[in-house]
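> Below is the structure I would like to discuss, written out as structure tokens.
The values are calculated or read from the model by the stated rules, or taken from the named source; none is laboratory data. Owing to the predicted nature of the structure, the values given are computational and were not obtained by experimental measurement. Every residue, glycine as well, gets a Cβ built from its backbone with ideal geometry; the counts of neighbours run over all protein chains shown. Areas reflect the complete protein model, heavy atoms only, side chains present, ligands, DNA and RNA absent. Shrake-Rupley method; radii C 1.70, N 1.55, O 1.52, S 1.80 Å.
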Amino acid sequence: MMTAQDFFQHVESGGKVDSTDWMPEEYKKEVTRVMGFQALAEIVGAMMLSQWIPYTPSIVRKMMYAAKSQDEMGHAHILIRACEDLGYSREEIIEGYIERKNKLLNIFHYSFGSYEEMVAAMLLQNTGAIVQFQSLVQGSYLPYQRALRKIMKEESFHYNLAVNMIQQLTTHGTDRQRETVQYAFDLWYPRMLAYFGPSEKGKAPSNALKWRIKVDTNDTIRTRWLDKIVPLVESLGYKFQDPQLAKDAKTGTWSYTEPDWEEVKAVINGGGPSSEYWRESVSKSYENYQWIRDLMNKGSKIQTA
């Protein structure tokens, strides 16, 4: 029988794990933490977007954003099911967030102030998600890999939708709309730098890194995002107005204005401008649909009786 030492040697050397394989509780706890964390981000991210569907300028665009919002909820469902396979229930994930035990990434503690801001922020967020998922899909837990492969295909649609909407606003919008897009890039750029987490240079690797649930450091993924987003934003006619933003041609590393990590920590701990709004929104929705869960539980008991 495989021991915990054998298991960790297996994953640390690049081995893979499926849901039916034996695994130590520490690994199970860490992989469900990562997947549950992403599931909550998908849920709140969809809610942030859905607020602006009524303000989308055409029926076709409304349908596109409704489809995107539906995709995000579907992603959450896939990830929650993967957590449930390991004994971490959807109730624990959702109720943990409502009770302020489970946290969200910093960008999900804000709201969009305008339609133009939503479009610009979605471009930054979708690009960030893509580079993050391209890394995570190489991890050690196979069900998470399989979930991410499906999610990444839909994220490519979301990314191209955001690019197209920026192009539409830039080409056919007013001067004020173009100014608002630039304002949104200025507003969301530092938030996205912080989204990938603080530098891990000089620190002992986390369990997620040691066990290859996560295969790249925060700095590596942030660099890949900057490699992708900086030329993209400039090609669309905008720029990040960070005086320290520059790429070293020899090393390939970026310099940038460091986020205020104390502020980021406070936001993640529930101090963001919309932290309570989203938590209460999830809580109300969860309460309103309790009857469905009750009905499902009742049906499950009848089948097993």
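> In nm, to one decimal, how far is the modelled label at Arg176 from the one at Asp85, with both set 7 Å along Cα→Cβ?
5.1 nm
> Rounded to whole Hz and in sequence order, give me ³J(HN,Hα) for the stretch 113-125 from the Karplus expression 6.51 cos²θ - 1.76 cosθ + 1.60, θ = phi - 60°, writing x for Gly and Pro.
x, 7, 4, 4, 5, 4, 5, 5, 5, 4, 4, 5, 5
> So for the stretch 40-145, taking the charge dipole from beta-carbon charges (+1 Lys/Arg, -1 Asp/Glu), which of Met118, Tyr144, Gly96 sits furthest toward the positive end?
About the Cα centre, the residue reaching furthest to the positive side is Met118.
> Related question: Using the Cα centre of the stretch 71-154 as the reference point, and only Cβ charges (+1 on K/R, -1 on D/E), how large is the resulting charge dipole? Debye, rounded to the nearest 20.
Working: 9 positive and 11 negative charges, 66 e Å.
The dipole of the stretch 71-154 has a size of about 320 debye.
> Mind checking the per residue accessible area of the stretch 190-246 for me, 1.4 Å probe, whole number of Å²?
So the stretch 190-246 comes to 47 Å² accessible per residue, rounded to a whole number.
> If you don't mind, another one. Can you give me the Cα centroid spacing of the stretch 249-280 and the stretch 119-195 in angstrom?
17 Å
> Expressed as a whole percentage, what fraction of the accessible surface of the chain belongs to carbon and sulfur atoms when a 1.4 Å probe is rolled over the protein heavy atoms? Write down the numbers at each step before the final one.
On the way: 8300 of 15520 Å².
Of all accessible area on the chain, carbon and sulfur atoms account for 53 percent.
> What is the distance, in nm, between label points placed 7 Å from the Cα along the Cα-to-Cβ direction at Glu26 and at Asp242?
Rounded to a tenth, the inter-label distance reads 3.5 nm.
> Can I ask one more? What's the magnitude of the charge dipole for the chain around its Cα centre, counting Lys and Arg as +1 and Asp and Glu as -1 at the beta-carbon? Answer in Debye, nearest 20.
Working: 36 positive and 38 negative charges, 110 e Å.
That gives the chain a dipole magnitude of about 520 debye.
> Taking the alpha-carbon set of the stretch 111-202, what are its Rg and Dmax in Å?
So, for the stretch 111-202, Rg and Dmax equal 15.6, 49 Å respectively.
> Considering just Cα atoms, how many Å³ per residue does the convex hull of the chain enclose? Don't jump to the answer; show the numbers that get you there.
Details: hull volume 46.4 nm³, N = 305.
Cα convex hull per residue, to the nearest whole number: 152 Å³.
> Calculate, in nm to one decimal, what Thr253 and Ile53 gain on full extension: separation in residues at 0.36 nm each, minus their alpha carbon distance. Intermediate results must be reported in sequence, preceding the final value.
Numbers: separation 200, 0.36 × 200 = 72.00 nm, distance 3.80 nm.
Answer, rounded to one decimal: 68.2 nm.
> Per-residue counts of other Cβ atoms within 10 Å, averaged by peptide: what ranking do you get for 113-123, 54-64, highest first? Write down the numbers at each step before the final one.
On the way: 113-123: 21.9, 54-64: 12.6.
Ranked from most to least packed, the peptides come out as 113-123, 54-64.
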